[in-house]
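See structure below.
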Amino acid sequence: MIAKQEVHDSVVEPARPGTKFDRILKMQIEFIPSTEFEPMLLAKARLNVLEAVPLNGSVVRKDAASDESLKCLAPALGESLLSFAEEQHEFRRMNFLKFSAQRLQSTLDQSNPDARTIAEIERLLAEAQQTRDHLIRANMRLVVANSGKYCTTSYSFEDLVSDGTLALMEAVEKFDYQRGFRFSTYATHAIRRSFFRKIGRRQKDRARFTVTDPEVLTTAVDHREVDFDAPNETQLINHMLLVLSDHLTERELRVIEGRFGLKNEAEPRTLMELSSELGICKERVRQIEGIALGKLRTFAVKYSAKLA
């Protein structure tokens, strides 16, 4: 019985072609290359060298999420701060795991996939994802600190934290730990660049809705009644909304009204406020806003062409 069991365990069964195999085969595994990865792989290091660096000697902020607006970030803000050695360890580990997974991926046979190889690739990528998430959590303070510096009545803290987090996630993927710099320096520049881009886009979008000449709206092709007894500003806004409603869905129109303070909105509303009102996540509100602005740009181009 023992001999039969050993024979059974040594048999490598091919994986059945399907969704999982296709996903692994077509996946683009990107990492920061290093000359130390190849020798480690040939020596079958399996991260033993990397595990020599402890990850328990750093400082934890006890009051990281004392502010009510940061409650949702409490788990990340309570994460241990990484020393330079720990930071180097984590980035090396994440990229070596991806390197190992990519090498295994290149050995897959499309006609006869190996189930064990696929399982190993998934394990390596899962560990790389865990390391990536740890690096993001350990550096969320950078996002919060910079968001606090740049937030205004026009650019809310929540919006900037959302954009800054996306920038941080991208920075973790692109950071080259071998250059000897601290990640905080690289990430801070990436986060601030994302803020400057956001502020620039918002100013351009608002400029598109700034009415400098009432003739632009009053000459628009629209035969519905307009209350000309209303104050001039309200009249123009209401007429503009009538025009917009022809090109946007009800949800898109509601997002544009809220984000730009149109109609009955006293002030532009944040992504968080609109997500709570509409019952969707902030990222979905952002997507709807982008789709709506894209439609309006197309309409503006076509309308300008007609006037010309």
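Here, each number is a calculation from the coordinates, and none is a lab measurement. Note that the structure is a prediction, hence the values are computed from the model and not measured. A quick note on method: Cβ atoms are made from the backbone with ideal geometry, for glycine too, and the neighbour counts reach across all protein chains shown.
Quick notes on this structure:
- Put a plus charge on the Cβ of each Lys and Arg, a minus charge on the Cβ of each Asp and Glu, and nothing anywhere else: the dipole of the stretch 86-165 about its Cα centre is then about 200 debye.
- Counted charge near THR131, where neighbours are those whose Cβ lies closer than 10 Å (Asp, Glu -1; Lys, Arg +1): +1
- Between ALA126 and PHE84, the modelled label-to-label distance comes to 3.6 nm, taking each label 7 Å out from Cα in the direction of the beta carbon.
- For ASP114, distant residues with modelled amide H under 5 Å away: ALA15, ASP109
- The charge dipole of the stretch 140-208, taken about its Cα centre with unit charges on the Cβ of Lys, Arg, Asp and Glu (plus for the first two, minus for the last two), comes to roughly 340 debye.
- Computed FRET value (nearest 0.05) for GLU38 with ARG193, which takes r as the C-beta separation and R₀ as 35 Å: 0.55
- Per-peptide packing, taken as the mean over residues of other Cβ atoms within 10 Å, places 155-167, 24-36 in the sequence 155-167, 24-36 from highest down.
- Long pairs among LYS174/LYS198; LYS26/LYS295; LYS20/LYS198; LYS98/LYS198; LYS149/LYS295, criterion Cα-Cα beyond 29 Å: LYS26/LYS295; LYS20/LYS198; LYS98/LYS198; LYS149/LYS295
- Short-range pairs are left out: with C-alpha atoms under 8 Å and at least six residues apart, the relative contact order of the stretch 78-145 is 47 percent.
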